[in-house]
């Protein structure tokens, strides 16, 4: 009988851990695959299961077991998931709170209905198996309910994070302490009515505690939403600046086209009148004018023409060597605003990297290599440049920016959003101080014509 009771406790621990894995996997995003990731996750879960079983077997204080379980849950979330830190801590704590609520609700039922039932709920008691089955069922219900609560990023300051952790630990400890007092009151005073009321008070406390945790979560979400709106405003301002530059370049191109028409008409008149000396002098004057005029790209796509005309001129003016190849389709799969944003952001990053390289290492010669060309049913956009080797990455190794400061990464994030919107693929590579961005956009319009 003792062997069966021990095996039952192992099964309960295993199912409780399995429900935790289901819960945490639905609320957080697992890290990108790294070497032997599945093996490390399995080893950690096995160690966690062994620790909990050992603590229960040795009869260690329930406080120690509760805190150990909570800490292991949080460590697991931190190690194997990629969401921001406070969100991983939040959901790690949340499962411990769910277990405490489920335990309190499950305990409230037999204490209310059966006098002196508390001893029967312990390991080896007659009510232990149905009690633990009900306990696991309650956890499963809460996990299912939380599954339908939308995942939202939250943002808290360092002080708020510390305060949240302290509140969470205090709430868990107080709730568990009241539960222990309830058990002791049944055994010492044999008053099930008093124990039921005490259990009900504890249940209300835990519900209020859950409401407080939810309130903190909503505050963090509101702050994160405000940060997101500020970033969108900054992106809008950057794109507005790019649009103004685009408009200015388009106006210059229009004036150049107008002036060129006048020059051609003048040359035509001089040629018809056979004024060869005047024609030669005029063409030489026109040639000298062209050498001081910004060269223009003419592909037929206004966004490509304006962005490249402006960026090539700026790059060469600041000592950055450029090389480019453009073969754009007549019907580009992106509209002018989206294409301008993508080209403007990747060119700005490359130019800024070149300027920093000149400052940090004057002996280096910055360059930018760029092309747009069709490939099968895709449009390829590629830009490559050398840089000073300083780069910012996320915790998953994703490249955020080669810039410094608080606003780093906005341009790359915007490019990623637009590429994903077009069902495209974005690949960013940094190797041996060479930074490259490779974009593949499905050429849906031209594909329909084939």
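Rule-based calculations on the coordinates, nothing more; no lab input. It should be emphasised that the depicted structure is a prediction, and the values quoted were computed from it without experimental measurement. Virtual Cβ from ideal backbone geometry, glycine too; neighbours counted across all protein chains shown.
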Quick check: pseudo-label points 7 Å beyond the Cα along Cα→Cβ at residue 277 and residue 376, how many nm apart are they?
6.6
Only counting other Cβ atoms within 10 Å, I'd like 272, 161, 57 sorted with the fewest neighbours first.
272, 57, 161
If each residue of separation counts as 0.36 nm, what is the full-extension length gain between residue 337 and residue 40 once their alpha-carbon separation is subtracted?
102.4 nm
Determine the gain in length on full extension of the stretch residue 269-residue 50; use 0.36 nm per residue of separation and subtract their C-alpha separation, reporting nm with one decimal.
69.2 nm
Quick check on the exposure proxy: order 100, 270, 212 from fewest to most C-beta atoms within 10 angstrom.
212, 270, 100
Residue 225 versus residue 26, label points 7 Å from Cα toward the beta carbon: distance in nm?
2.3
Between residue 365 and residue 241, what's the calculated FRET efficiency when r is the beta-carbon distance and R0 is 25 Å? Round to 0.05.
0.30
Mean-position separation - Cα centroids, region 320-368 and region 429-444, in angstrom
12
Starting with the fewest neighbours, write out 347, 8 ranked by other beta-carbon atoms found within 10 Å of each beta-carbon.
8, 347
